[in-house]
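A.B. asks: This structure is in structure tokens; I'll ask about it shortly.
We did not get these values from a lab; they are worked out from the coordinates using the rules stated. These figures come from a predicted structure and were not determined experimentally. Here the Cβ positions follow ideal geometry from the backbone for every residue, glycine too, while neighbour counts run over all protein chains shown.
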Amino acid sequence: MKHKKLLILIFMSLLLTGCWDKLEIDQRSFISTIGIDPGKEIDKLKDLKKIKPGDPFEERAIDELSVTFGFPDISQLGQQKGNSAEDKYITTQAYSIEDSITKSTAMSSKSIFIADCQLLLLSSDILQYPQVVKQILDYFQRQPRVNKNMYILAVDGNTEDYIKFKPYMEKNIQDYISGVMENSERTATVLPVTLNELLILLNENGNAIIPRLTLDKDRNEIKLNGIAIIKKFALVGYLTPIETSDLEIVRGKVKSGKKVIYLEGNPVDFVIEGTKRKMNIVEKDQNFIVNIDLKLEGEIRAISLEKNLGQISKLKEVDDAFNNALSIECTKIATMMQKNFGVDAIEIRENIEKYHPAFWKKISKDWEEVYKNSVINVNVDVKARRIGVTQ
Amino acid sequence: MKENINDNISDEAQINLDYLKELLKDNSDIIFREFYISNWKGVLIYIDGMTDKILLDDYVLETLMVMGDKVDKVTDIKERLLTVTDVKEFSSMADGVKYALSGDCIIFIDGLKVCYVLGTRTWNARGVTEPSSETVVRGARESFTETIRFNTVLVRRKIRDTRFKLELKSYGIRSKTDVAIMYIDDIVNKEVLKELRARLEKVNIDAILDSGYIEQIIEDNKWTPFPQIQSTERPDVVAAGLYEGRIAILVDNSPFALIVPAALPVFFQSPDDYYQRWFTSSIVRIIRFTAILLSLLLPSLYIAISSFHTEIIPIKLAYSIAASRVGVPFPAFVETLIMELSLAFLLEAVVRLPRPIGSTIGIVGGLIIGQAAVSAGIVSPIMIIIVSITAITNFVVPNYEVSSALRVIRILLIILSSIIGLYGIMLGGIIVLIHLIKLESFGIPYLSPLVNPDISDFKDLFIRMPMCFFKKRPVYLKTGDKIRQK
Amino acid sequence: MNNSGFIGKYGFFSSIVVAIIGVGIFSLPGELAKSVGNDGWLVSILDGLICLLLLYIIYKIMSKNNYDTFYNILIRNFGKVIGKIVAFIFSIYLIISISTGMRVFSEVLKMYLLEKTPTEFITLTMILCGYYLIRGSLTNLVRFNEVAFWIMFIPIFIVLIFAAYDADFSNVFPILNSSPVNYFQAISLSSFSFGGIGIIFLMLPALKNKSDYKKSAIMAVTFITIFYVVINVLCIASSSSPQVGKLLWPTIAMVKSISIPGGFIEGLEGSVMALWVIFYFTFFTNGLYFSSDLIKDIFGLEDIKISSYLVIPFIYLIALLPRDIGELYGIIEGVFPILFFTCLIFFPLILLLIIKLKKKVAATDEA
């Protein structure tokens, strides 16, 4: 009994020592968007190498980043006012993300809280500095409480402009972009990439693809404009939306999208409803041949009022036309990725690693060369299963 | 504390009469009637208001006084002249006096060293009505009353087995309250019976006013908010308990019977779980368990999530909560405590108020005060929702004592979660679990059948399987006869 | 002679499972990925087989000694002095394993749930709760294990099913891509996750039906092995092995990346963290009970409450000893396998040898 009393006493005294982690929810500022631009002093990056680890006074550190935090204005939310609010934002110059958080907290009346961030925008300018990009991404990887499912996009120009932009359909840019990303199930031209996926890809060999955002200042519109290709942590090029949709098809990840051919002067829309992909790798001395077989299923949406698709032969004609066109397009895009950019976005590398491990051991050192010199063939088989409700 | 009663009965009725008149003086409702049965003097003593006077007038006094000369010997009076069915003979004055004070009538006759006690108890008792707290949708609507004899009848009607046993003893030195133990001999767990008898022996209090006194004296552990003995107003619950091998205790003057041993599952069962079909009952059971979890965890989770770990909820919900808390002066923890306190006040007041005002206060307190608090900006709207759900789910538990215990635990969890968030809730949960594990009720672990499980016991815990699966009696009760149905 | 017993077969099964599965699951996939790439799950299976072997050895030891308590067996076979030393080393092994586990647990808790709360506080509160449980007898400990088993594993399996939804299982290929040396290394690294198997020494004497042992124990080890295999496979499937090797606690990262379609709960790892409190708690209390029990016998103290007073300060000190996470995992990966080998392989084998020798001597004596 004496033990029990002692126990209770100790427990209670422990409990009274205080609550360390308590922070009321209305004291938090929920950052929903982070935008990273190059800072004013980014040209002085070389000077950083001169600072030795033991040196004091880190204010000599260089403000290489300009970070913008966007967060919703909570007073606009509420019962009658709806669930979405305009963003407010804070921009600071800092030498690292952690520093930017500290500086922003000093400027803000509420605690900066990035664990719920939904959107990360990287300026195309900052993507020219691989060293900085590596530093940024390491921060996000090391942080335990960060939303690994946040969307990452590369933007043309300064992210600050984008975050301050007021889109037409939503109240703030984060809602808009998240909405578009979630809609990507319906279109093949948008390829959403989450932080988790990006980190996995970059950890393997420093190459990745992320969607690209452009701002049309004259018409005051924001557009998702294909993808940006990253090689060894630096931006090396872009793909247009059509090329993106082709790439998506080659990757076998399209759940819904459309392709068009011209048949007797009329555009025929084929809406893709499902994709199956098989990749076959044939080893050939020090190189390899990749044969990709794609089976697309879908529905024909429109042709011309007079035409009849009901007959088998007509449908087959359409199918064959699609087969040809798409096979050429896809082979072209795969080869372009391979030869122009040297980036493997269709998981050829993974396939070799998994299913041909001995071969992989042989060529892994010279992967880039071997990849560039190999042959990629894409064969598309289209089956238009439905044609709508008329003949 | 013990009374000093001269235990001998003299064979002169006059001496007995004088002794009793002295012992029971200053009581104006005790009637002493002297009469003659042919040549022997007799004395009749009873309490006005507790005795059936018609029986005494027509069947006792008339026969004794008028037909007195039909017997030759004094000892024949009982067998040949007393035309009353319930006659007991005692040679101890103390016993006789006790019966007299219970409403029976005692007779002393010259020449007899014993007294006769006639069973003439009768008084105004409350009729058999609906139970006040354990109402069911389908099932009997009888409930116990305050007279022990009527209560035992209500149970007897449901068990017509020769192995059904009813033992009566009186406890309480001044109150001498009748306490009956009922069990079915070949089903009952003999160990528990032995333990119960041993604990009852130790009862040494002056008065037993209600079964609650007995419950608190014989229970295993008083330092816990959880009841270890089941109390019920319903005879069918008692009968069902007896059929499971448990023991029922009826206390005179109390409409609440006790059933031992009791483990936690018992407190989450309601009688109509068994009278309705298994599908409905299973769903109700699942709802009940979910409600209990909610009632325990909801306020503490709210504090943990909004003050510590906002990442757990979807971002839109976090915005809603933040928006609804704009302008509220108190942190979430204080808000919760304010609402819990108001709820406790409200509940207590509604129970005590006279009936006409009671329901009004319920509406006033609930809706208007809550709404007003939100408008005044003292609490946030989310808090009102949480507290109302908590209050409703708290009373989904069929047993009042357990729901009070749940309230205590809820407050503990609230305090812990306000200090260390989710970790605090887990630690609180673990502590409560450890406490429940250590608890035993008459040798049966409190958390049976979750501990020492037998697969067949799960037929009646979270859901209720169809009747055809109820072949064995609950294994955790370690009953004598194990088969219920073939 | 110990024929009495109160642990049923479910109690035995659940006690072994919850006493072994502790904080090892956080880092296990990562450590294995560093040595053997994608074959972590194979190593788990190998570990399971080794445990089955250990089960058999323990069974032989106990049955030949009439299922007496562990301490008595040591004394009887090693003699009083060496027996006490062996028991002492065994309890040091247990204390170190629960203390390092405690530190891992508080580090993970601080990382994901409570950033600013001091480690001392987390350690102290956990110790107090554990003490509250073991104040009772072994009966209470086993009862707690029985209940905790359900609370732990039903939600975890639901979470794992959701994890499997998005996972790419072809990441498991290629198989068998590392050298045998790496496999040995991996087995020794994973000993931390299987270290709790010594708890059988404590539980077996109190088992009600000794014939239940084989079935329950084998089921327990199978369950644990399958659990570890599933966790390994899911980690690799959701993030591929270089990533897994880089993370400190890949299991938690895997849970974080689960997105339930149409999902209500976003930050699943917060809730799963809460669940892991119980995982560690059972690991902790079972180890604490066993070590306090041994200390009680070694020093002849009368009650386990007093001996646990001796043990608890050491747990606190050792838990706070490593300066940082590097040192902590240095201990787990460096010191622990040695202790494991000594206590759970070396000692039992020697015990078995001595018992066999004793039998031979007894047989020759009679002859």
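A.B. asks: Stick to Cα atoms and the Kirkwood definition of Rh, then tell me Rg/Rh for chain C.
C.D. replies: 0.97
A.B. asks: Charges on Cβ only, +1 for Lys and Arg, -1 for Asp and Glu, centred on the Cα centroid of the protein assembly as shown; of B:462, C:338, A:133, which one is farthest towards the dipole's positive end?
C.D. replies: Going by the charge dipole, the pick is C:338.
A.B. asks: Answer rounded, prolate or oblate for region B:274-444, using the Cα gyration tensor with square roots of eigenvalues a ≥ b ≥ c: rounded when a/c is under 1.5, else prolate when a/b is larger than b/c, else oblate.
C.D. replies: It is oblate, given that a/c is not under 1.5 and a/b is not larger than b/c.
A.B. asks: Shifting gears a bit: Can you work out ³J(HN,Hα) from phi for every residue in region B:69-83, in order, using Karplus 6.51 cos²θ - 1.76 cosθ + 1.60 and θ = phi - 60°, giving whole Hz and x for Gly and Pro?
C.D. replies: Couplings: 7, 7, 10, 9, 9, 4, 5, 7, 4, 5, 7, 10, 10, 6, 7 Hz.
A.B. asks: While we're on this one: Between residue B:408 and residue B:458, what FRET efficiency comes out of the Förster formula 1/(1 + (r/R0)^6) with R0 = 22 Å and r the beta carbon distance, rounded to 0.05?
C.D. replies: Plugging the Cβ-Cβ distance into 1/(1 + (r/R0)^6) gives 0.20.
A.B. asks: In what sequence, highest mean first, do A:214-221, B:196-203 appear when ranked by Cβ atoms within 10 angstrom?
C.D. replies: Highest to lowest by the protection proxy: B:196-203, A:214-221.
A.B. asks: Let me ask another. Let's see if you can work this out: charge +1 on each Lys and Arg Cβ, -1 on each Asp and Glu Cβ, no other charges. What is the dipole magnitude of region B:273-338 about its Cα centre, in debye to the nearest 20?
C.D. replies: 220 debye
A.B. asks: Could you work out, residue by residue across B:176-182, how many beta carbons of other chains sit within 10 Å of that residue's beta carbon, and then give the average as an integer?
C.D. replies: Counting Cβ atoms of other protein chains within 10 Å of each residue's Cβ and averaging gives 0.
A.B. asks: Which angle from 0 to 90°, rounded to the nearest 10, does the C-alpha axis of helix C:347-366 make with the longest principal axis of chain C?
C.D. replies: 20 degrees
A.B. asks: On to the next question. Only four residue types carry charge here, +1 at the Cβ of Lys and Arg and -1 at the Cβ of Asp and Glu. Report the dipole size of chain B about the Cα centre in Debye, rounded to the nearest 20.
C.D. replies: The calculation lands at about 2040 debye.
A.B. asks: Counting DSSP beta bridges in the protein assembly as shown, what percent are antiparallel, to the nearest 5?
C.D. replies: The answer is about 80 percent antiparallel.
A.B. asks: Fully extended, how many nm does the chain gain between residue B:33 and residue B:166 (0.36 nm per residue separation, minus their Cα-Cα distance)?
C.D. replies: The residue B:33-residue B:166 span can extend by a further 44.4 nm.
A.B. asks: Sticking with this structure for a sec: Taking Cα atoms, how many degrees apart are the long axis of helix C:180-189 and the longest axis of chain C, rounded to 10 and kept between 0 and 90?
C.D. replies: In chain C, helix C:180-189 runs at an angle near 80 degrees to the longest axis.
A.B. asks: Please work out the Cα convex hull volume for chain A and give it in Å³ per residue.
C.D. replies: 272 Å³
A.B. asks: Sticking with this one: So what is the 222 nm mean residue ellipticity for the protein assembly as shown from helices alone, if each DSSP H run of at least 4 adds -39500 (n - 2.57) and you divide by all residues, rounding to the nearest 500 deg cm²/dmol?
C.D. replies: Value at 222 nm, helices only, nearest 500: -15500 deg cm²/dmol.
A.B. asks: Kindly express, to the nearest 10 degrees and within the range 0 to 90, the angle between helix B:278-307's C-alpha long axis and the longest C-alpha principal axis of chain B.
C.D. replies: Long axis of B:278-307 versus the principal axis of chain B: about 50 degrees.
A.B. asks: Now a separate question. With Rg and the Kirkwood Rh both taken from Cα atoms, where does Rg over Rh land for region A:245-386?
C.D. replies: My calculation puts Rg/Rh at 1.07.
A.B. asks: Still on this model: Distance between Cα centroids, region B:56-114 to region A:313-391: provide it in whole Å.
C.D. replies: Region B:56-114 and region A:313-391 have Cα centres spaced 113 Å from each other.
A.B. asks: Using Cα centres only, tell me the gap between region A:17-40 and region C:11-81 in whole Å.
C.D. replies: So the separation of the two Cα centres works out to 45 Å.
A.B. asks: Okay, next question. Pull up the cross-link candidates among the lysines for residue B:158, meaning alpha carbon to alpha carbon under 27 Å and not fewer than 8 places away within one chain.
C.D. replies: B:169, B:190, B:194, B:459, B:471, B:472, B:478, B:482, B:486
A.B. asks: Which of C:276, C:41, C:150 ends up with the largest GNM mean-square fluctuation for chain C, with Cα atoms connected below 10 Å?
C.D. replies: With Cα springs under 10 Å in chain C, the top fluctuation among C:276, C:41, C:150 is at C:150.
A.B. asks: Let me ask another. Mind checking the log10 I(q)/I(0) for region C:307-367 at q = 0.15, 0.25, 0.27 Å⁻¹? Debye, one equal scatterer per Cα, no solvent, two decimals.
C.D. replies: -0.69, -0.99, -1.01
A.B. asks: Given N residues in chain B, what is its alpha carbon radius of gyration divided by 2.2 N^0.38 Å?
C.D. replies: Here the answer is 1.27, to two decimals.
A.B. asks: Determine the equivalent ellipsoid of region B:146-276 by diagonalising the alpha-carbon gyration tensor, then write out the semi-axes as square roots of 5 times the eigenvalues, largest first, rounded to whole Å.
C.D. replies: Taking √(5λ) for each Cα gyration eigenvalue gives 21, 18, 15 Å.
A.B. asks: By how many nm would the segment from residue B:194 to residue B:485 grow when fully extended, if each residue of separation counts as 0.36 nm and the alpha-carbon distance is taken off?
C.D. replies: Result: 102.0 nm gained on full extension.
A.B. asks: How high is the FRET efficiency between residue C:305 and residue B:130 when r is their beta carbon distance and R₀ equals 30 Å, given to the nearest 0.05?
C.D. replies: With R0 = 30 Å, the Cβ-Cβ based efficiency is 0.05.
A.B. asks: Just how large is the dipole of region B:83-134 about the Cα centre, in debye to the nearest 20, putting +1 at every Lys and Arg Cβ and -1 at every Asp and Glu Cβ?
C.D. replies: 140 debye
A.B. asks: If you average the alpha carbon positions of region B:1-22 and of region B:278-330, how far apart do those two centres end up, in angstrom?
C.D. replies: 70 Å
A.B. asks: In whole Hz, with x marking every Gly and Pro, tabulate ³J(HN,Hα) for region A:220-236 from phi via Karplus 6.51 cos²θ - 1.76 cosθ + 1.60, θ = phi - 60°.
C.D. replies: Each residue of region A:220-236 in turn: 6, 10, 10, 9, 8, 10, x, 10, 9, 9, 10, 10, 6, 6, 10, 6, 10 Hz.
A.B. asks: What are the ³J(HN,Hα) values, in whole Hz, obtained from phi via the Karplus relation 6.51 cos²θ - 1.76 cosθ + 1.60 with θ = phi - 60°, for each residue of region A:333-339 in sequence order, with x given for Gly and Pro?
C.D. replies: Listing the rounded values in order: 5, 5, 5, 5, 4, 6, 8 Hz.
A.B. asks: Then there's this: How large is Rg/Rh for the protein assembly as shown, to two decimals, with Cα atoms and a Kirkwood Rh?
C.D. replies: 1.09
A.B. asks: What residue among B:334, B:435, B:415 has its Cα farthest toward the positive end of the dipole of region B:274-444, where the charges are +1 on Lys, Arg and -1 on Asp, Glu, each on the Cβ?
C.D. replies: Towards the positive end, the residue furthest out is B:435.
A.B. asks: Let me know the mean shielding of B:45-51 by other chains, meaning the per-residue number of their Cβ atoms within 10 Å of its Cβ.
C.D. replies: 0
A.B. asks: Still on this structure, please answer the following. Put a dot 7 Å past each Cα toward the Cβ at residue A:4 and residue A:260; how far apart are the dots in nm?
C.D. replies: It works out to 8.1 nm between the two label points.
A.B. asks: Using +1 at the Cβ of each Lys and Arg and -1 at the Cβ of each Asp and Glu in the protein assembly as shown, identify which of C:25, A:93, C:200 lies farthest towards the dipole's positive end.
C.D. replies: The residue sitting farthest along the positive end of the dipole is C:200.
A.B. asks: Turning to a different aspect of this structure: Amide H to amide H, which residues 5 or more places from residue B:145 or on other chains are under 5 Å from it, using H placed in the peptide plane?
C.D. replies: B:151
A.B. asks: List the lysines whose alpha-carbon lies under 22 Å from that of residue A:44, not counting same-chain residues fewer than 8 positions away?
C.D. replies: A:52, A:103, A:134, A:232
A.B. asks: Still on this structure: Using per-residue counts of other Cβ atoms within 10 Å, averaged over each peptide, order C:154-165, C:43-54, B:430-441 from highest down.
C.D. replies: Going by the mean number of other Cβ atoms within 10 Å, highest first, we get B:430-441, C:43-54, C:154-165.
A.B. asks: OK, next. When you look at the Cβ of every residue in B:441-450, what mean number of other chain Cβ atoms sits within 10 Å?
C.D. replies: 1
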